[in-house]
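Asker: Input: one structure, supplied below.
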Amino acid sequence: MFIGHFGVALAAKRLAPKTSLGTLIFAADFLDLLWPVLLLLGAEHVRIAPQIMRMATLDFVDYPISHSLIMALLWSVLIGACYYARRRYAPGAWVVGAAVFSHWVLDFVVHRPDLPLWLHGEIRMGLGLWNSATGTVLAEVFCFGVGLWIYTNLTQPVDKTGVYAFWSLMLFMLLGWISSIFAGAPPNTTSIAWGAMLLWLLIPWAWWADQHRQLLKSPYGAVFIFSFTL
Ligand SMILES: [Zn+2]
C-alpha cells in the first residue's frame, strides 16, 4: 500500500489534533521508512519480480525487522512510548502507536502472503489485494480520500504556506503513487532502496505544512479568527 498509509495519518489528526501531521506520517509509514535503511545495510532483501502480482513488481524475500507482525507490534509500542516521553500528550502517544501498527494491517490486506509472523520461521501472511488492479486502486483512493476529507475539515490554513505546502504535498503523494503504478519494474534493488528513502522527505514537508495550518474548532483558532476579523 502507498497513499493509503498517508490517508491513515491524515485521518489520525482527528484523534490527536495536537500531534503534527509530520509525526503522524512518520508513524503510519514507519515500517516503509525503516525498510530502505535495512535494505542498504544488507539486513533485509528484496528481489525484482515483474510478474509476481498484478500491482506489484517486487518479491519481498525477507524483511522481518521492518515488516514482521511481532516487530510491527514492538515498533508501535516503542514509538508510542518515545512520543509520550517527549511530548507528554497521551492521546497523541496512543494514536502514534496505533498508526505504526496500522501500516502492517494495510500491508496485510494488499501483500501476497509474504509478511512474516516472527523474526524467524516460515509463517507468512497477506490477503493479496495487489492481484486486483481495481481493488488496489479503490482501496488506496478510499483511504487517502477519507483521510484528506477529515484533515481538511479539521484544519484551515493560517497563511499561504498552509495552502501551498499542504496541497503540493498531497499532489506529490498522489503523483508519486500514480507514477509508481506506471513505472514498471525498477532497474535494480539499490534504486528501490534509494527511491524509498525519498519517503523521508515527506516528514519535514508535512511538519512544515501542518505548522501553517490550525484547528478549526480549537480555542486558539477562534481567537485567531476573532483577532483577524478585528
Ligand atoms: Zn510496508
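Asker: With the contact rule set at Cα under 8 Å and sequence spacing of 6 or more, what percent relative contact order holds for segment 41-80?
Answerer: About 30 percent, as a whole number.
Asker: Let me ask something else about it. Pull out the extension gain between Thr152 and Ile70, defined as 0.36 nm times the separation in residues minus the alpha carbon to alpha carbon distance; nm, one decimal.
Answerer: On the way: separation 82, 0.36 × 82 = 29.52 nm, distance 3.40 nm.
Going from the current span to full extension adds 26.1 nm.
Asker: What ranking, highest mean first, results for peptides 63-71, 35-43, 97-105 when packing means the other Cβ atoms within 10 Å averaged over each residue?
Answerer: Order by mean packing, descending: 97-105, 63-71, 35-43.
Asker: Magnitude of the Cβ-charge dipole of the chain, K/R +1 and D/E -1, about the Cα centre, nearest 20 debye?
Answerer: On the way: 13 positive and 11 negative charges, 154 e Å.
Once rounded to the nearest 20, the dipole reads 740 debye.
Asker: Any aspartates and glutamates with Cα under 13 Å of the Lys13 Cα? List them, leaving off those in the same chain fewer than 8 positions away.
Answerer: Here the aspartates and glutamates satisfying the reach criterion relative to Lys13 are Asp210.
Asker: Quick one: which residues, 5+ away or cross-chain, put their amide H under 5 Å from the amide H of Thr155? H built at 1.01 Å from N.
Answerer: Result for Thr155 returns Leu216.
Asker: How large is ³J(HN,Hα), in whole Hz, for each residue of segment 16-24 in order, when computed from phi with the Karplus curve 6.51 cos²θ - 1.76 cosθ + 1.60 and θ = phi - 60°, using x for Gly and Pro?
Answerer: Result, ordered by residue: 9, x, 7, 8, 5, 4, x, 5, 5 Hz.
Asker: Same structure again: Taking R0 as 22 Å, what's the FRET efficiency between Asp159 and Arg14 from their Cβ-Cβ distance, rounded to 0.05?
Answerer: Efficiency, from the Cβ-Cβ distance: 0.45.
Asker: Within 10 Å, at most 15 other Cβ atoms, and a DSSP state outside H, G, I, E, B define an exposed site. Report the longest part of the chain free of exposed trypsin sites (Lys or Arg not before Pro).
Answerer: 89-216
Asker: With each label point set 7 Å from Cα along the Cα-Cβ vector, what nm distance links Asn188 and Val105?
Answerer: 4.0
Asker: Relative contact order for the chain: what is it in percent, counting Cα pairs under 8 Å that are at least 6 residues apart?
Answerer: 29
Asker: For helix 69-87, what angle does its Cα long axis make with the longest principal axis of the chain, in degrees from 0 to 90 and rounded to 10?
Answerer: 20
Asker: Now for a different question. Against the longest alpha carbon principal axis of the chain, how many degrees, from 0 to 90 and to the nearest 10, is the axis of helix 133-154 turned?
Answerer: 20
Asker: At 222 nm, what value in deg cm²/dmol follows for the chain if DSSP H runs of at least 4 each add -39500 (n - 2.57) and the sum is divided by all its residues, to the nearest 500?
Answerer: Computed ellipticity for the chain at 222 nm equals -20500 deg cm²/dmol.
Asker: For Cα pairs less than 8 Å apart in space and 6+ apart in sequence, what is the mean separation divided by the residue count of segment 108-211, i.e. the relative contact order in percent?
Answerer: 19
A short reminder: the numbers here are calculations on the coordinates, not readings from a lab. A quick note: this is a predicted structure, and the numbers were derived from the prediction, not measured. Glycine also receives a Cβ, built like all others from the backbone with ideal geometry; neighbour counts cover every protein chain displayed.
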